[in-house]
1. Restricting to region B:245-265, and then to whatever is open to solvent by less than 20 Å² (accessible area, probe 1.4 Å) and under 19 Å from the mean Cα position of the chain (by Cα), can you tell me which residue is nearest to the other protein chains (Cβ to nearest Cβ)?
2. Of all residues in region B:1-26 being open to solvent by 20 Å² or more (accessible area, probe 1.4 Å) and part of a helix (DSSP H, G or I), which is farthest from B:Ala102 (Cα to Cα)?
3. Being at pLDDT 85 or above and over 17 Å from B:Arg61 (Cα atoms) is the filter here, so list the residues in region B:90-115 that pass it.
4. For residues in region A:1-50 being outside any helix (DSSP H, G or I), aliphatic (A, V, I, L, M) and away from every other protein chain (no Cβ under 13 Å), which is most open to solvent (accessible area, probe 1.4 Å)?
5. Does B:Ala29 fit the bill of being away from chain A (no Cβ under 14 Å), open to solvent by less than 20 Å² (accessible area, probe 1.4 Å) and in contact with a Gly (Cβ under 6 Å, 6 or more places away or on another chain)?
6. Mind checking which residues of region B:205-225 are at pLDDT below 95 and aliphatic (A, V, I, L, M)?
7. Within region B:37-51, can you find the residues that are more than 8 Å from chain A (Cβ to nearest Cβ) and open to solvent by less than 10 Å² (accessible area, probe 1.4 Å)?
8. Please determine whether any residue of region B:54-68 is over 19 Å from the mean Cα position of the chain (by Cα), small (Gly, Ala, Ser) and either farther than 25 Å from B:Thr305 by Cβ or surrounded by 24 or more Cβ atoms within 10 Å (Cβ to Cβ) (or both).
Amino acid sequence: MTHNILQALVRQEFPAVADHPAFGVDADIYELGVTSLQTVSLMLAIEDCFGFQFPASELSREAFRSVNAMAVVVDRLRVREAAAQGSA
Amino acid sequence: MTARGPTPCRLGAIASAFGESLPLEASPALQGRRRDLMFLQMMGFARYSREERGVAALAGRALAGSIARSGLPASAFDAVVYGTTTFGAQDTASIDRKVARALIDNGLGHAYPIGVFLSQCNTLFAALRVARGLLHEPEVRHVLVVVADGLDDERTRVRNLAMHSDGAAACVLSRADEGPGEFLLHDVQVGGHPNTVDLIDPVTHQFDPQGQARYDQGVRDIAAGLEARSGLTLRDCPQVILPNYTLSALRHLASLAGVAFERVFTGNVARFGHAFSADCLVNLADWHATAPAPAAGARVALLGTGMSFWGGALVEPLATTSHTQQGVLPRSP
């Protein structure tokens, strides 16, 4: 589920990367031509889509290297967000 | 431009001074700019330093720390090489008086001040070169070098893809046989290609391709020059000291110099970001204070850049010591 959404967001932000034959959940998006600066657009799209803000501690180049890597962070933050809302 | 010293000199008694340590989120330059904030955080920046008392005050505090660290009386210093690239509105009209105050307050009224100010963030290497040259004068035995920079306009704190800090660093250069230095300075080189065009567009953050090519070649030339004159290769250096740029930029610089990124000291990127020309001295001291002692005779490479200036140095650690620091910046973990 998370992976599908993230793949769609990568396609939305970087169509050429998503169309690359090597693109997949394990593909290194930096090797496919995405720069660190461009990655921020993807981060913002993920925030808009999932309704949370990345804390600074989660913002690393490695965390956005692949869809799989992003999914780990996103799922962790979703759990944390749900817990915070449950306790509120 | 290169220079060869007849003998190495000593470099040591490194001290630094910073202002108030603040999180990136506190910067007026980043208000309403989440995209830039996220980029900087992803690139390793976390805090910055703001000093409201001016650049010369920072310099004075760094000088005081260096003098104390050296164990020498203030009267032993024959000259002060003062480097800055940010006079700023509050210092432009009175820089001589403000530096004079910093010198007088530190008992350095007798030491001749020499300003170095056209090398952008490469000022340290230009200043080291001037100071090393002074040691060739028969009457000069110890020279204080201080580089100090800060910003008057908080809106300019984020530029060239880096979070800038107000900060200063000082050190002592002495003749090889009589200094307090923890390092032997074997070589220092500078190069430049003065330019009137921004290397990085402040709006689009895109590099000017010609400028980037020139910048890359400048770094390569400095690295090659250090290797040629030392007979070493930089990849053999146990540590490479760079300014506190984005982690991506540091990877790129390491690649240009032909060294593994793992050998680059990155411990201060999060701590205070890019404090102009002070970065390399502070990083050298912090690395030296925390890392295991390298093998005897090992050389540490320092590389720095401005937008259109480049510099480098090779130093040999002589002993394990720590440097003094004035300010409230939290230590690196």
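1. Filtering region B:245-265 for residues that are open to solvent by less than 20 Å² (accessible area, probe 1.4 Å) and under 19 Å from the mean Cα position of the chain (by Cα), the one nearest to the other protein chains (Cβ to nearest Cβ) comes out as B:Thr246.
2. B:Glu25
3. B:His110, B:Tyr112, B:Ile114, B:Gly115, listed by residue number.
4. A:Met1
5. Criteria not met by B:Ala29.
6. Result: B:Ala213, single match.
7. B:Leu40, B:Phe45, B:Tyr48, B:Ser49, listed by residue number.
8. yes
The values are calculated or read from the model by the stated rules, or taken from the named source; none is laboratory data. Because the structure is a prediction, the values reported are computed rather than measured. Neighbour counts run over all protein chains shown; Cβ positions are idealised from the backbone, glycine included. Please note that ligands, DNA and RNA were not included when accessible areas were found on the heavy atoms of the full protein model with its side chains. Shrake-Rupley method; radii C 1.70, N 1.55, O 1.52, S 1.80 Å.
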